[in-house]
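Chemist: Can you read through this structure? Questions will come right after.
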Amino acid sequence: MTADPITADASGTFKLGDLPVHRIGFGAMRLTGSAAFHLGTPSDRARSISVLRRAVELGVNHIDTAAFYFSATRSANELINTALAPYPEDLVITTKVGPFRDYHGEWGEAARPDQLRGHVEENLRQLGRDHLDVVNFRRQEQDSIAEHFGALAELREAGLIRHLGISGVGPRHLAEALEIAPVVCVQNRYALDRPDPLDLDRPDPLDDEMLRLCGEHGIAFVPFFAVAGQAGPQAATDTHDDTVRDIARAHGVSPAQLRVAWTLYQGPHVLAIPGTGNPDHLTQNVAAGALRLTADELTRLNALHFRTD
């Protein structure tokens, strides 16, 4: 007899503002192909739709997406709309604005503050929504995010956005945003083998400052590329330290599952959004929320995270 699959509620719950979500979510970027954006082989449309529906069946109620997640033949937002609308009442869809790609898939200059309304409206149109649950401003090279975040705060006041977040930011950007409007989440690149790159000047080399600051403020910290590691947008990494392989083997899980579990162990305010177009990997990612690590295992993994060699 086959055991029932582990569902996302095993990972626990945290709130994005007033919206409760399970700590295991789903990142939609890889739905559009075998690698990020317009690279790689186009995805199978039917399989992508089935993965989204299966994610919701497994209790996932937090999906991360963006209008610029598209390939020559697939759009993540359109797939989400087709698969899940009318949307479950508890489903929270988080998107991001700032980066821009033209219809050929080429990256353009970072959006000006006055262009962000158009980005928000494009997400609304593609998702078939009258408001967006959470919108992250994805910082690129801006020294200050005040004007951009302020423009989104105005759209929040207008009712187009329920909650705001920021992405690709350091501590001073978070402080800047909090002077303007509430922040419910921070999305930064962060993984077992990759401390937050914007924390490199942190006073304490053993302190993930953004992770800590978010916890102190009751803000969700949402790492991206937690499974991909150094591979980034190309694919899930297949490079794993022996420690990772040994601990994963001891628990009878994959190294990718261990990476997800370690991410969640970094604090009750940490959310994981592993993405995949593979239904088997989806089930494994969700099941990682139930993995329990010992204190010794965490110590060994944390040593990998903070090593300087």
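Chemist: Identify the residue in segment 113-148 that is in contact (Cβ under 8 Å) with a residue 24 or more places away in the chain and loosely packed, with under 13 Cβ neighbours inside 10 Å and, among all such residues, is farthest from E176 (Cα to Cα).
Modeler: Here the answer is D114.
Chemist: Now for a different question. Residue check, D199 against (1) of a type outside the set (G, A, S); (2) touching a helix residue (DSSP H, G or I) at 6+ places or on another chain (Cβ under 7 Å); (3) modelled with pLDDT of 95 or more; (4) under 18 Å from H269 (Cβ atoms), all met but one. Which one?
Modeler: Status for D199: all satisfied but (3).
Chemist: Follow-up question, since we're still on this one. The conditions are (1) under 22 Å from R212 (Cα atoms); (2) in a helix (DSSP H, G or I); (3) among the aliphatic types (A, V, I, L, M), and V134 fails exactly one of them. Which is it?
Modeler: It is condition (2) that V134 fails.
Chemist: Pairs please, first residue from segment 61-72 and farther than 21 Å from D44 by Cβ and modelled with pLDDT under 95, second anywhere and assigned to a loop (DSSP other than H, G, I, E, B) and not polar (S, T, N, Q), Cβ atoms under 6 Å, 6+ apart in sequence or on different chains.
Modeler: Taking only residues 6 or more apart or on different chains, the pairs are F68/P99.
Chemist: Now a separate question. Of all residues in segment 256-294, which are of a type outside the set (A, V, I, L, M, F, W, C), surrounded by fewer than 21 Cβ atoms within 10 Å (Cβ to Cβ) and in a helix (DSSP H, G or I)?
Modeler: P279, D280, H281, T283, Q284
Chemist: Consider only pairs whose beta carbons are under 8 Å apart and that are at least six residues apart or on different chains; among these, list those whose first residue lies in segment 75-100 and is within 25 Å of D9 (Cβ to Cβ) and touching a residue at least 40 places away in the same chain (Cβ under 8 Å) and whose second residue is of a type in the set (F, W, Y) and outside any loop (DSSP other than H, G, I, E, B).
Modeler: Qualifying pairs under 8 Å: A76/F70.
Chemist: Go through segment 7-45 and give me each residue that's among the aliphatic types (A, V, I, L, M), over 15 Å from the mean Cα position of the chain (by Cα) and modelled with pLDDT under 95.
Modeler: A35, L39
Chemist: Right, here's the next one. Can you run down the residue pairs with Cβ atoms below 6 Å, 6 or more apart or on separate chains, where the first is in segment 11-26 and touching a residue at least 40 places away in the same chain (Cβ under 8 Å) and the partner is surrounded by fewer than 24 Cβ atoms within 10 Å (Cβ to Cβ) and hydroxyl-bearing (S, T, Y)?
Modeler: Correct list of pairs: P20/T13; H22/T13.
Chemist: Moving to a separate point now. Which ones in segment 85-123 are within 19 Å of the chain's Cα centre (by Cα) and among the aliphatic types (A, V, I, L, M)?
Modeler: Correct list: L91, V92, I93, V97, V120.
The values are calculated or read from the model by the stated rules, or taken from the named source; none is laboratory data. In this text, all values refer to a predicted model and were calculated from it rather than measured experimentally. Ideal geometry is used to build each Cβ from the backbone, glycine not excepted, and the neighbour counts take in all protein chains shown.
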